[in-house]
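Following: one structure in structure tokens, then a few remarks.
The values are calculated or read from the model by the stated rules, or taken from the named source; none is laboratory data. Given the structure is predicted, the values throughout are model-derived calculations rather than measurements. Positions of Cβ are backbone-derived with ideal geometry, glycine not excepted, and every protein chain shown enters the neighbour counts.
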Amino acid sequence: MTQRWKFMFASGFIFALLAAAIYFPILRGRVKRAAKLQQQSEEQARRELAQPIAINPGDPRVKAQLFWASDTIDSTLVPVTVELPLSRDPVLRSKQVLNTLLAGPVDAELRTLPPDALLLAFYLLPDGTAIADFSEALATSIPSGIVSEQLAVNSITRTLEANVPQVQRLKILIHGQEVETLAGHLDLTGTFVVSTKQASPAPASAALTPDKTPGTLAQPVRTP
Amino acid sequence: MRNLLRVKSLALIGLLFVALLAAVLASPSLAPSQAQQPATGTPPPAATPAMPSPQGGAAGSVPSQFGALAQANGLNLVVLDPAHGGTDPGARGTGGIRESEIVLDFAIQVRRALELQGFQVVQTRQGNEDPSFDDRSATANAQRGAVFVTLHISSTGMQGTARVYVNSDLPPVADSNGLIPWDRAQAPFLGLSKTFGDLVQGFLAQRFKGSPGAAQTASVRQLRTTAAPAIAVEISSVTVEDRVDLDRMAPGVADAIARGAAAFKPSYVVPAVTGGLR
């Protein structure tokens, strides 16, 4: 009898071991699949949140100036005039011009920002400091280097300067976080000067046209 | 009776094994799809081959990294910073070119050219390490009468050109105790950095057509915490088809930096007493 119990116990043990050995990879696969699903849904939610602001046809059509890379002078920016219906609200207006900037120019070679980068949020503080929160792709997909990173930030600051006079300074966040550099070079811990002009009380109906040569660099500001 | 029981139990175990075998045979049809999904989504771990130390790296003439040198005669020390390293390869070209490796090779030639001009040279890294921005700045900040040169290779820009960057404007510094905040250590040196940068850029422009004639400003993180005349030299670019095209630029870059430092030396008067950093 004892022999039989031993035999049954050993059989049960082997069975449990085999069952665990078979079930473990299946379980692991399920966990990984669930994690991936969660990741996908997070990305989906992020994309839904960052849907481009709908262009309201009722908004006045203005000649917006968007700064993309020059095709004639290496590593400089040129303004491209695009007629867009832009909101009078500075936050909506900023989102509209930045989303257009992110969408890129006709010639994809001249884009300054990665095609998969998204504007997640945009805030404007009463003192004229704007906070632009971009998706991680801005940092991970941008070509690493001083010249490319500076060109990317300049295209953002100069586009805001040309179209949203209320924005005086810009702080760039990546996925809601302050980061030390954009892609290993450009300092994102401070704020960038967008405009030194005083904001007009009412938003201009037409885009401002700054009298600046292409390639002028934005200067960061650091408050003590 | 006992035999019957044994036969029954053996049959039972046999059936269980058959069932288990069937399960094992059936599971591969599910397993591969489950196993492959995460595999394709997970990038392979970045290969970080060990870099051989540069031959000139551990030369006996290297002063102690953090031992402040008494330099009564002004500039005679250059802190050379090959950017990136370790797990951070910097810019990467399609042909497997890594910025972190090339700048280390460039540093050897820049170092030799500077030593020929009579400068002592300290490197922020000798091999495939990745000191923090602050650690690299600290190497320069621990010295008096030094200049700082950080070497980079870009991902973009016209191939065969070189650009010098100095830090963008920083607000005035020094508190009531005369201490300079660490995070704005570059502020008192911006004018000197511009003079040094313009000199180096001028020599680079002579050698590499298409390069700018004067140093440009950019908010380079590495320069901000450096309490010395500091420039970033960026070569274009890792997109070259063959790294020989970049290697060919190294002597010209080294010569321009050494000549720039030599030309800058008379204009750099090291303050008798510098404010400390806080």
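I'm checking my understanding of the structure. Among residues of the range A:1-57 that are at pLDDT 65 or above and touching a strand residue (DSSP E or B) at 6+ places or on another chain (Cβ under 8 Å), which one is nearest to the other protein chains (Cβ to nearest Cβ)?
The extreme case among them is A:Ile55.
Could you pull out the residue among B:Asp135, B:Asp169 that is among the charged types (D, E, K, R) and more than 11 Å from chain A (Cβ to nearest Cβ)?
Selected residue: B:Asp135, the only one of B:Asp135, B:Asp169 that is among the charged types (D, E, K, R) and more than 11 Å from chain A (Cβ to nearest Cβ).
Residues that are assigned to a helix (DSSP H, G or I), surrounded by 21 or more Cβ atoms within 10 Å (Cβ to Cβ) and in contact with a strand residue (DSSP E or B) (Cβ under 7 Å, 6 or more places away or on another chain): does the range B:117-134 have at least one?
No, the conditions are met nowhere in the range B:117-134.
Residues B:Ala214, B:Ala218, B:Ala185, B:Ala162: which one is among the hydrophobic types (A, V, I, L, M, F, W, C) and within 8 Å of another protein chain (Cβ to nearest Cβ)?
It is B:Ala218.
Can you spot a residue in the range B:238-245 that is more than 14 Å from chain A (Cβ to nearest Cβ), surrounded by fewer than 24 Cβ atoms within 10 Å (Cβ to Cβ), under 19 Å from the mean Cα position of the chain (by Cα) and assigned to a loop (DSSP other than H, G, I, E, B)?
Checking the range B:238-245: at least one residue is more than 14 Å from chain A (Cβ to nearest Cβ), surrounded by fewer than 24 Cβ atoms within 10 Å (Cβ to Cβ), under 19 Å from the mean Cα position of the chain (by Cα) and assigned to a loop (DSSP other than H, G, I, E, B).
Please enumerate the residues belonging to the range A:97-135 that are out of contact with any strand residue (DSSP E or B) (no Cβ under 7 Å at 6 or more places or on another chain) and not aliphatic (A, V, I, L, M).
A:Gly104, A:Asp107, A:Glu109, A:Pro114, A:Pro115, A:Asp116, A:Pro126, A:Asp127
For B:Ala83, all conditions in the list (1) small (Gly, Ala, Ser); (2) away from chain A (no Cβ under 14 Å); (3) surrounded by 24 or more Cβ atoms within 10 Å (Cβ to Cβ) hold save one; what is the number of the exception?
Checking B:Ala83 against (1) small (Gly, Ala, Ser); (2) away from chain A (no Cβ under 14 Å); (3) surrounded by 24 or more Cβ atoms within 10 Å (Cβ to Cβ), the one that fails is (2).
Within the group A:Ala202, A:Ala132, which residue is at pLDDT below 95 and assigned by TED's automatic domain parsing to the domain that holds A:Pro79? Give the steps one after another, and end with the answer.
Details: A:Ala132 fails: at pLDDT below 95.
Of A:Ala202, A:Ala132, the one residue that is at pLDDT below 95 and assigned by TED's automatic domain parsing to the domain that holds A:Pro79 is A:Ala202.
Only one of A:Leu113, A:Leu120, A:Leu101 is touching a residue at least 12 places away in the same chain (Cβ under 8 Å), part of a strand (DSSP E or B) and in contact with a helix residue (DSSP H, G or I) (Cβ under 7 Å, 6 or more places away or on another chain); which?
Just a single option satisfies the conditions, and that option is A:Leu120.
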